[in-house]
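Chemist: Dropping a structure here in structure tokens format, bear with me for questions.
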Amino acid sequence: MALSLTISLMAQNAPQLTKSNIKQVISAMTLEEKANLVVGTGMNFQMPAPTSGDRPDSTRRQNPPGGQDRPGGPVVGSTEVLVNGAAGTTFGIPRLGITRAVLSDGPAGLRISPTRPDDDNTYYCTAFPVGTLLASTWNTELVNQVGQSMGSEMLAYGVDVILGPGMNIQRNPLCGRNFEYYSEDPYVSGKMAAAMVNGVQSKGVGTSIKHFVANNAETNRNSLNVIASERALREIYLEGPRIAVEEAQPWTVMSSYNKINGTYTSERHDLLTSILRDDWGFKGYVMTDWFGGSDPVAQMEAGNDILMPGNPSQTEAIINAVKAGELDEKVLDQNVGRILNIIVKGPRFNNVQFTNNPDLKAHALVTRQSATEGMVLLKNDSTALPLPAEAKKLAVFGNTSYDIIVGGTGSGDVNEAYSVSLVEGLQNAGYSINENLQTAYDAYVAAVKEGRPRRRGFMFGGEAPVPELFVNESLASSMAEVSDAALITIGRNSGEGRDRSSGEGDFQLTASEKELINSVSAAFHAKGKRTIVILNVGGVVETASWKSMPDAILLAWQGGQETGNSIADIISGKANPSGKLAVTFPQKYADVPSSATFPGEELPSETPENGRGRGFMRGAPAEDVYTDGIYVGYRYYETFGVKPSYEFGYGLSYTTFEYSNLELSATRFRNIMTVNVDIKNTGNVAGKEVVELYLSAPAKKLDKPSEELKGFAKTRLLQPGETQTLTFELDKRSLASFDPSVSAWIADAGSYSVKIGASSKDIRQTGNFELARDLTVKKESRSLIPDRTINEIKP
Ligand code: BGC
């Protein structure tokens, strides 16, 4: 009787959460309520029904049935609470007016279940191009627009935070999740992520930049210890997130699975508080990656405000630690405060009515156009492309021409309503596809796929590639006889939980793929006809050994649900390609500077500290020593004189551009240097040009890359003969490198050279300026210090 009276009095007096009473609400919360709020509501593993509280999807144990060895694996983040198929939800406390928030994957579009039990409606989302393709547009306005479209789908379906963009550095071409990420370069990554975050958040919903930080491999991803220098971390791995935080204030950040220099990122106070909040001014909350890290109390103290997807044992550990005096309740209050600050911004808290009816038609146009802008024309001998108007009969080879790959696997997958294959796209554009070939491929792909078990050990599903159909010389030459041109698609897919292989069938083409390119090219050339290779891939593949055979190569990436239409727009000349590489295509895998250590070395010891045997998703203890330091991607190839197959920043157009009139605002640097350059379309068709600004800095105390990207811009669609002046600004920070001995960004006095290029190799205009005195641009916290000397490569 007395107890129920107390409870009802508590309820009566309890403040109801508003934007301005967060402190008051926190002081009205019980310890249990606080500990519940900092732990997500779990995941749906068909566990027994919850027993109490607002934890309807509760994970009652840490290991889902089946674990790692179950074919197809456990589902990635998935809940049935509020929005089916969302990755997780935060805890609601109705007594205090604290609503739940829905968190949902992922970078290429919203990932929710397209259908719901006992419901005839469908809940499809748009599959947008993968991150790698979006970065290759070099068009931040377009990426912002993609973000806006995603944001409005979130709003329509009642999702508060999307778990993206993914922005890890593409340090090595074999990382299975590179397709979700933008670039090997932190400046491109940061600018793209900022554009995406600003686009999504303009709709009143939130983002989660991930995975913070140095999650550059999938092998042993939950136990990998990344050993890296402070300089490499600051200049390469942290720089992109810094730009995104400073230019876009994402509502949330997702810490990564890996350790850095011995400690899980989610347990590092220096990373999540000193750097993220104190150095950069981040204002939102940090969540763990799903089941990431190991010590809930250390995570709270580090500033990892919420543990996802959440497990009651974590809540318990937090309550016990406060009661035992091991965790200061003030720390918990801070974590709670940061979560509430974001909850009050979300659509659920603000009673937005969810229409469940996003404008999928409009977003299909956005995805079609953005995919077209990010496809990269790698080769185009004798203007093989666009196809001339009279070339209408096409022989289309390659499995993925018929069974196109629109995005990667795992949490970054999207449930789209349809996808347009290459042949469908070509047919939509008025081409006729050789029917015999089409019938043969359709039957072959279907037969191989039928009843085939999913790839064992591929934790998040995904299927093994279908080996290429053997095309003998007589078939190739009979096709050449009756067709105007040949198209050959080479497809690759990869995804979460697994890295790619450097061997045939993945990084390298198989013998049968090369033979296909060879025999088809030879047969078509013998008849004076052209062969075009289309790369339908999420990441880098070897090109040096076969690129001489076809007339043209179009890197189409994985372009989302409209991929086939987007490719057809380029093939036909309806669109002029304007994508450029945001990642280097090396000649061979061994040329990659991290190839010697990637994806890390497994360690023999099995102690609880290093993570083995911890259950769900724990790999073997392993470490990767980043001996490549700051020399990642073109910083390495250019500085060490290693010739790539296609360099960073490279891409062709159907027109040509002339660069002229480079103008620097001064010969001496003060606070800002303005750089102008004129770009003229000197060809016959309209086109857009990506223009890149590289800076070479003097090397005094620290070694420096021979050049670094410090600006880029894309022209508007320039008509033949039309000129546009592009303007870039270099601030102090663009001149500086991170000097760990003083924990500061320092710009060295001396001569700087500004290089304006059509790629990192194709420099068209150069100018110089002087910096009179050494400048300390910004002091930072002393953080992430490695416990050993790292033997980094030096030029
Ligand atoms: C992935 C995250 C994802 C989360 C929720 C994890 O396995 O690493 O990127 O957001 O699952 O699905």
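Chemist: Residue-wise, which Karplus ³J(HN,Hα) couplings in Hz belong to the stretch 354-368, taking 6.51 cos²θ - 1.76 cosθ + 1.60, θ = phi - 60°, and x for glycine or proline?
Modeler: 8, 7, 6, 9, x, 7, 4, 5, 5, 6, 5, 5, 5, 5, 4
Chemist: In deg cm²/dmol, rounded to 500, what helix-only [θ] at 222 nm does the chain give when every DSSP H run of at least 4 residues adds -39500 (n - 2.57) and the total is split over its residues?
Modeler: Details: 19 runs with 198 residues, N = 795.
For the chain, the value works out to -7500 deg cm²/dmol.
Chemist: Now for a separate question. Can you say what percent of the DSSP beta bridges in the chain, counting only those with both residues inside, are antiparallel? Round to 5.
Modeler: Antiparallel bridges make up about 60 percent of those DSSP assigns within the chain.
Chemist: Specify whether the C-alpha gyration tensor of the stretch 481-587 places it in the rounded, prolate or oblate class, a ≥ b ≥ c being the square roots of the eigenvalues: rounded for a/c under 1.5, otherwise prolate if a/b is larger than b/c and oblate if not.
Modeler: Oblate, since a/c reaches 1.5 and b/c is not below a/b.
Chemist: Using Cα atoms only, what is the angle between the long axis of helix 329-343 and the major principal axis of the chain, expressed in degrees (0 to 90) to the nearest 10?
Modeler: Computed tilt is about 50 degrees.
Chemist: Oh, and also: As an exercise, identify the chymotrypsin sites (Phe, Trp or Tyr not before Pro) in the stretch 469-526 lying in DSSP coil whose Cβ has no more than 13 other Cβ atoms within 10 Å.
Modeler: Passing sites in the stretch 469-526 are PHE470.
Chemist: Sticking with this structure for a sec: Taking only protein heavy atoms into account and a 1.4 Å probe, give the accessible area per residue of the stretch 269-419 in Å².
Modeler: Accessible area per residue: 36 Å².
Chemist: So, for the stretch 650-766, what is the accessible surface per residue at a probe of 1.4 Å, expressed in square angstrom?
Modeler: Ligands and nucleic acids excluded, the figure is 40 Å² per residue.
Chemist: In addition: DSSP loop trypsin sites (Lys or Arg not before Pro) in the stretch 350-402 with at most 16 other Cβ atoms within 10 Å of their Cβ, which ones? Intermediate values should be presented prior to the final figure.
Modeler: Details: sites: LYS361, ARG368, LYS379, LYS392, LYS393; in loops: LYS392.
Sites meeting the loop and neighbour criteria: LYS392.
Chemist: What aspartates and glutamates sit close enough to LYS574 to cross-link, taking a C-alpha to C-alpha distance under 14 Å and skipping anything fewer than 8 places away on the same chain?
Modeler: Once the sequence-local aspartates and glutamates are set aside, what remains near LYS574 is GLU373.
Chemist: Now a separate question. Express the carbon and sulfur contribution to the solvent-accessible surface of the chain as a percent, rounded to the nearest whole number, probe 1.4 angstrom.
Modeler: Within the chain, the accessible surface is 48 percent carbon and sulfur.
Chemist: Evaluate the stretch 220-266: find the radius of gyration of its Cα atoms, find its Kirkwood radius, and give the ratio Rg to Rh.
Modeler: Computed over Cα atoms, the ratio is 1.01.
Chemist: Within a Cβ distance under 15 Å of SER781, other residues only, what is the Lys/Arg minus Asp/Glu net charge? Can you show the working numbers first?
Modeler: Numbers: positive: ARG231, ARG234, ARG242, ARG268, ARG277, LYS778, LYS779, ARG782; negative: GLU230, ASP270, ASP278, ASP279, ASP739, GLU780.
Within the 15 Å Cβ shell, the charges total +2.
Chemist: Which value in nm describes the separation of the simple spin-label points at ILE672 and SER595, placed 7 Å from the Cα toward the beta carbon?
Modeler: So the label points at ILE672 and SER595 sit 4.4 nm apart.
Chemist: Can I ask one more? Which of GLY497, ALA523, VAL466 sits farthest toward the positive end of the charge dipole of the stretch 463-545, with +1 on the Cβ of Lys and Arg and -1 on the Cβ of Asp and Glu?
Modeler: My answer, from the dipole projection, is ALA523.
Chemist: State whether the stretch 627-749 is rounded, prolate or oblate according to the following rule on the C-alpha gyration tensor (a ≥ b ≥ c being the square roots of its eigenvalues): a/c under 1.5 gives rounded; otherwise a/b larger than b/c gives prolate, and the remaining case gives oblate.
Modeler: Oblate is the answer for the stretch 627-749, as a/c is 1.5 or above yet b/c matches or exceeds a/b.
Chemist: Taking the Cα centre of the chain as origin, work out the dipole magnitude from +1 charges on Lys and Arg Cβ and -1 charges on Asp and Glu Cβ, in debye rounded to 20.
Modeler: Numbers: 76 positive and 90 negative charges, 202 e Å.
Charge dipole, the chain, about its Cα centre: 980 debye, nearest 20.
Chemist: Select from the stretch 636-701 those trypsin sites (Lys or Arg not before Pro) which occupy a DSSP coil region and have at most 12 other Cβ atoms within 10 Å, ordered by residue number.
Modeler: Listed in order of number, the matching sites are ARG670, LYS701.
Chemist: On a 0 to 90 degree scale, rounded to 10, what angle separates helix 435-449 from the longest Cα axis of the chain?
Modeler: Helix 435-449 sits roughly 30 degrees off the main axis of the chain.
Chemist: ASP774 versus LYS700, label points 7 Å from Cα toward the beta carbon: distance in nm?
Modeler: 0.5 nm
Chemist: Let me ask something else about it. Averaged per residue, what accessible surface does the stretch 177-218 expose to a 1.4 Å probe, in Å²?
Modeler: On the way: 480 Å² over 42 residues.
Solvent-accessible surface per residue comes out at 12 Å².
Chemist: Taking only Cα atoms, what is the 0 to 90° angle, nearest 10, from helix 186-201's long axis to the longest principal axis of the chain?
Modeler: The angle comes out near 60 degrees.
Chemist: Ok, one more. Translational D (Stokes-Einstein, µm²/s) of the stretch 131-254 at 37 °C and 0.692 mPa s when Rh comes from the Kirkwood sum over C-alpha pairs?
Modeler: 228 µm²/s
Chemist: What are the equivalent ellipsoid semi-axes of the chain, built from the alpha-carbon gyration tensor (square roots of five times its eigenvalues), in whole angstrom, biggest first?
Modeler: Each semi-axis is √(5λ); the values are 43, 33, 25 Å.
The values are calculated or read from the model by the stated rules, or taken from the named source; none is laboratory data. All of these numbers come straight from a predicted model, not from anything done at the bench. Because the Cβ atoms are built from the backbone with ideal geometry, glycine has one as well, and the counts that use them run over all protein chains shown. Note: areas computed on protein heavy atoms with side chains; ligands, DNA, RNA excluded. Shrake-Rupley method; radii C 1.70, N 1.55, O 1.52, S 1.80 Å.
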